[in-house]
Amino acid sequence: MRQAPAGGGGGSPATIVTMFDHYFDVVLADSVERRHAVFRVRFDVYCREFRYEREEDCPNGMEQDEYDAQALHAMIVHRASGAAAGCVRIIRRDVSTVHGVLPLEFNCGHTLDHEKLRPESLPAGAVCEISRLAVHPSYRRRAGESESPLGDLSLSTISETERRAYPLVSIALFLAATAMVHTTRLPHVFAMMEPRLARLLKRSGLQFLQVGNLTDFHGPRAAHYIDVEDAIGGLKPEVLALYQLIHDKLWPALNQVTDFSRPD
């Protein structure tokens with residue numbers, strides 16, 4: 001059994017990396033079983049919790065869309081339960097992309113207002129989007145706030161030390177996306193996000209630039225852009241250490257990727 005990491009403040013690299021690695025793992029969703037786990041997390045978040053999608057449109061309790069077959073998916077796994085704690089995907093823009101464009105172009109293309117940093121203005125095959133990032137509510141809610149949808153995970157039995165690791169899930173998903181983007185050589189990265197989230201990511205060193213007008217798309221969202229080398233180079237030391245851990249965990253599977261096609 002793994003010994004729980006000692007407490008302590010300061011946000012040192014060892015503390016953050018040790019805490020995350022003790023409670024969580026990160027994997028590429030490169031099998032049918034893992035992909036289904038990703039889709040179930042998205043169902044719980046996008047359908048049941050936030051009502052962004054209708055449950056009746058998502059059979060078998062799995063939220064999917066037409067871009068999934070062409071995407072690379074990563075998943076954070078809670079070690080103690082084996083449950084999926086969160087997920088994220090990247091979609092490459094090329095002629096074979098659904099609708100021929102990225103999801104943010106299809107849904108919110110009219111909001112893009114940057115003169116140069118536009119998906120269609122950048123080198124073909126070098127552009128991607130981070131999307132469908134979701135953290136299961138069990139890893140966001142405080143103890144006693146609500147009953148866990150997982151059923152077998154009682155928040156009242158989770159230690160305060162473990163609960164302090166939960167905020168790492170969100171940043172770990174962005175770092176997993178960064179690792180996927182970097183390994184697959186896609187330097188130009190777009191994402192739709194709330195300006196508040198962009199400001200929070202900036203504290204970690206992920207300095208996304210807003211390149212679109214604010215619009216109402218499942219709440220206030222705007223298109224943001226980051227260059228992957230700038231993203232890695234700008235990470236705070238403690239976050240960079242976590243990125244290196246996540247990169248090393250994903251590397252063996254990512255090194256086998258030849259395209260983004262995966263079985264459903």
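The values are calculated or read from the model by the stated rules, or taken from the named source; none is laboratory data. What you see is a predicted model, and the numbers here were worked out from it, not measured in a lab. Because the Cβ atoms are built from the backbone with ideal geometry, glycine has one as well, and the counts that use them run over all protein chains shown. The protein model used for the area step is the full one, side chains on, heavy atoms only, and it has no ligands, DNA or RNA in it. Shrake-Rupley method; radii C 1.70, N 1.55, O 1.52, S 1.80 Å.
I'd like the full set of residues that are open to solvent by less than 40 Å² (accessible area, probe 1.4 Å) and touching a strand residue (DSSP E or B) at 6+ places or on another chain (Cβ under 7 Å), limited to region 207-220. It would help to see each step written out before you state the result.
Restricting attention to region 207-220, the residues satisfying the condition of being open to solvent by less than 40 Å² (accessible area, probe 1.4 Å) are 208, 211-212, 215, 219.
Those that are open to solvent by less than 40 Å² (accessible area, probe 1.4 Å) and touching a strand residue (DSSP E or B) at 6+ places or on another chain (Cβ under 7 Å): F208, V211, G212, T215.
Only one of these conditions is not met by H247: (1) of a type outside the set (S, T, N, Q); (2) modelled with pLDDT of 95 or more; (3) touching a Ser or Thr at 6+ places or on another chain (Cβ under 8 Å); (4) not in a helix (DSSP H, G or I). Which number is it?
(4)
If I ask for residues that are closer than 14 Å to F190 by Cβ, without any contact (Cβ under 8 Å) to a residue 12 or more places away in the chain and not basic (K, R), which ones from region 83-135 would you list?
Hits for region 83-135 are F106, G109, S121.
For the subset of region 216-228 comprising residues that are at pLDDT 95 or above and in contact with a helix residue (DSSP H, G or I) (Cβ under 8 Å, 6 or more places away or on another chain), which member is nearest to F20 (Cα to Cα)?
So the first thing to find is which residues in region 216-228 are at pLDDT 95 or above, and the list is 222-228.
Next, from what is left, pick out any that are in contact with a helix residue (DSSP H, G or I) (Cβ under 8 Å, 6 or more places away or on another chain): 222-224, 228.
On the way: A222: 30, A223: 29, H224: 27, V228: 23 Å.
Top of the filtered list is V228.
All but one of (1) modelled with pLDDT under 95; (2) outside any loop (DSSP other than H, G, I, E, B); (3) loosely packed, with under 15 Cβ neighbours inside 10 Å hold for S170; which doesn't?
S170 satisfies every listed condition except (3).
Can you name every residue in region 173-196 that is free of Cβ contacts under 8 Å to residues at least 40 places away in the same chain and crowded, with 17+ Cβ neighbours inside 10 Å? Quick ask: steps written out before the conclusion?
To start, the set of residues in region 173-196 that are free of Cβ contacts under 8 Å to residues at least 40 places away in the same chain comprises 193-196.
Once the filter is applied, which keeps residues that are free of Cβ contacts under 8 Å to residues at least 40 places away in the same chain and crowded, with 17+ Cβ neighbours inside 10 Å, region 173-196 yields only M193.
With the requirement that a residue be open to solvent by less than 40 Å² (accessible area, probe 1.4 Å) and not aromatic (F, W, Y), what does region 32-54 give you? Please lay out each step first, then the result.
Filtering region 32-54 for residues open to solvent by less than 40 Å² (accessible area, probe 1.4 Å) gives 35, 37-39, 41-47.
R35, A37, V38, V41, R42, D44, V45, C47 - these are the residues of region 32-54 that are open to solvent by less than 40 Å² (accessible area, probe 1.4 Å) and not aromatic (F, W, Y).
Which numbered condition trips up E194, out of (1) under 18 Å from the mean Cα position of the chain (by Cα); (2) farther than 19 Å from S131 by Cβ?
(2)
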